[in-house]
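Worksheet: one structure, shown below.
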Amino acid sequence: MDTRNALATEQARKNDLMRRWADDALAQTALTEDDFFTLVHAINTKISTLQDTLAAAEAATHTTAPVPDAATWLHGTINQRRTLIRRHLHGITVQPAGKAHVFNRTHLVRERLQPHWRTAEKLTT
């Protein structure tokens, strides 16, 4: 919550500075336009950093529950199975064809195909 408080403080500071600029109240403090824009830039940078920190912290706490892929594969529709294959399969390497001396070459085609599956680390990112 410290990050949220710091973010709220910086946003309030920026809003106050912008309001005082619009009311022309900054002229009394001898603040030039260059000083004003430098301050606003610094505050915006700090706000962006705090927002990134807050978003990273929230993303770390909200982990998604693992999808029961096995249940989807066994009981899912063909479209759900295709989606699982697209998510888990990185690519397929096809080896060059060799000479076949049999009429049915299905088993030879299967031997030529080498699937490359994504690792668990790549699936979570």
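The values are calculated or read from the model by the stated rules, or taken from the named source; none is laboratory data. Source: prediction; values computed, not measured. Backbone-built Cβ (ideal geometry, glycine too); neighbour counts: all protein chains shown. We work out accessible area using only protein heavy atoms, side chains counted, and drop any ligands, DNA or RNA first. Shrake-Rupley method; radii C 1.70, N 1.55, O 1.52, S 1.80 Å.
Assorted remarks:
- Some residue of the range 104-113 being among the hydrophobic types (A, V, I, L, M, F, W, C), under 36 Å from the mean Cα position of the chain (by Cα), outside any strand (DSSP E or B) and modelled with pLDDT under 85: no
- On inspection, Asp23 qualifies as open to solvent by 80 Å² or more (accessible area, probe 1.4 Å) and either out of contact with any Lys or Arg (no Cβ under 9 Å at 6 or more places or on another chain) or modelled with pLDDT of 85 or more (or both).
- Taking every residue in the range 28-51 that is within 24 Å of Asn5 (Cα to Cα) and pairing it with any residue that is among the hydroxyl-bearing types (Ser, Thr, Tyr) and surrounded by 12 or more Cβ atoms within 10 Å (Cβ to Cβ), at least 6 positions away or on another chain, the pairs with Cβ-Cβ distances below 7 Å are Leu50/Thr3.
- Flag for Ala100 being modelled with pLDDT under 85 and within 30 Å of Leu123 (Cα to Cα): no
- Members of the range 37-66 found to be surrounded by 12 or more Cβ atoms within 10 Å (Cβ to Cβ), at pLDDT below 85 and not small (Gly, Ala, Ser), listed by number: none
- Among the conditions (1) open to solvent by less than 80 Å² (accessible area, probe 1.4 Å); (2) of a type in the set (S, T, N, Q); (3) at pLDDT 90 or above, the only one that Thr32 does not satisfy is (3).
- Evaluating Leu7 against the criteria (1) without any contact (Cβ under 8 Å) to a residue 12 or more places away in the chain; (2) more than 23 Å from Leu123 (Cα to Cα); (3) not β-branched (Val, Ile, Thr) leaves one unmet condition, (1).
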